[in-house]
Amino acid sequence: MIPLVLLPGMMCDARLFGPQIDAFAGERIVQVLPIGGAATMTDLARQALELAPKSFALAGLSMGGIVAMEMVRLAPERVAQLALLDTNPLAEDEGRRALRGPQIDKVLAGGLAEVIRDEMKPNYLTDSPDKARILDLCMDMALDLGSEVFERQSLALRDRIDQTETLRSYRGRSLVLCGASDALCPVARHELMHKLLQNSRLEIIECAAHMPTLEKPEETTAALRRWLEQ
């Protein structure tokens, strides 16, 4: 079976895909690649391509999806299948760009936990019995990665390019998936990506927001399985 490469979101690691890794690891090679080692989207994508197999199925969530699109732009022949989860194909809007600098300054001054708690975590999840547990996991992942990764990832996101033409030209089998209540990357963004990708399926996960891999793991895993096996 073709290897599956997973790219986590900003300030997240392999734990973001814990249920999916458990589900697929017995069936195929599953590789979670870090995306915190450079301050540009192109360098992050190049680093990931160096670590990835020759040909692979690629799934990225949030920032991981943005890196995935850059990998497709650089090496489309290597990405046999593409899954974009709760992400955004557009360049950073001016309002969001203006917030990056103050956030970075606050984090580098020792305020990483505060920024994650007050400015990022409130946008992640819908209300559910698992919300507190997932938010605690998000904090653990962010603190483990640290302030320097936050800075590099913030700069890469701030300066990213529009990837609509990349998606328009990609021919591989694709999945576009998001939580129905995602406020960071709303459904409309995913409808756009679905229209741009010539061979794609759109899946909306109900009762989930920005992290359906953890909020609705069974439904998300089932959608990924359909994409991998169709």
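The values are calculated or read from the model by the stated rules, or taken from the named source; none is laboratory data. Since we're looking at a predicted model, the values are computed, not measured. So basically every Cβ, Gly included, is an ideal-geometry build from the backbone, and we count neighbours across all protein chains shown.
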| note | Note: among 222, 183, 188, just one is hydrophobic (A, V, I, L, M, F, W, C), closer than 25 Å to residue 100 by Cβ, without any contact (Cβ under 8 Å) to a residue 24 or more places away in the chain and surrounded by fewer than 19 Cβ atoms within 10 Å (Cβ to Cβ), namely 188
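Quick check, is residue 83 touching a strand residue (DSSP E or B) at 6+ places or on another chain (Cβ under 9 Å), at pLDDT 95 or above and closer than 21 Å to residue 194 by Cα? Step through it out loud before you land on a result.
On the way: touching a strand residue (DSSP E or B) at 6+ places or on another chain (Cβ under 9 Å): yes; at pLDDT 95 or above: yes; closer than 21 Å to residue 194 by Cα: yes.
Judged against the criteria, residue 83 is a match.
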| request: Kindly establish whether residue 156 is farther than 22 Å from residue 197 by Cβ and either outside any helix (DSSP H, G or I) or under 14 Å from the mean Cα position of the chain (by Cα) (or both). | output: yes
| query | List the pairs whose first member sits in region 91-107 and is without any contact (Cβ under 8 Å) to a residue 12 or more places away in the chain, whose second member is surrounded by 12 or more Cβ atoms within 10 Å (Cβ to Cβ) and not aromatic (Phe, Trp, Tyr), and whose Cβ atoms are under 6 Å apart, counting only residues at least 6 apart or on separate chains? | reply | 106/115
| Quick one: residue 90 ticks every box in (1) exposed (fewer than 12 other Cβ atoms within 10 Å of the Cβ); (2) outside any helix (DSSP H, G or I); (3) not hydroxyl-bearing (Ser, Thr, Tyr) bar one, so which box is it? | (1)
| Can you tell me how many residues in region 21-32 are touching a Ser or Thr at 6+ places or on another chain (Cβ under 6 Å) and either buried (at least 23 other Cβ atoms within 10 Å of the Cβ) or in a loop (DSSP other than H, G, I, E, B) (or both)? | 0
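A quick yes/no check of all residues on (1) of a type in the set (A, V, I, L, M, F, W, C); (2) in contact with a strand residue (DSSP E or B) (Cβ under 7 Å, 6 or more places away or on another chain):
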site	(1), (2)
1	yes, no
11	yes, no
21	yes, yes
30	yes, yes
53	no, no
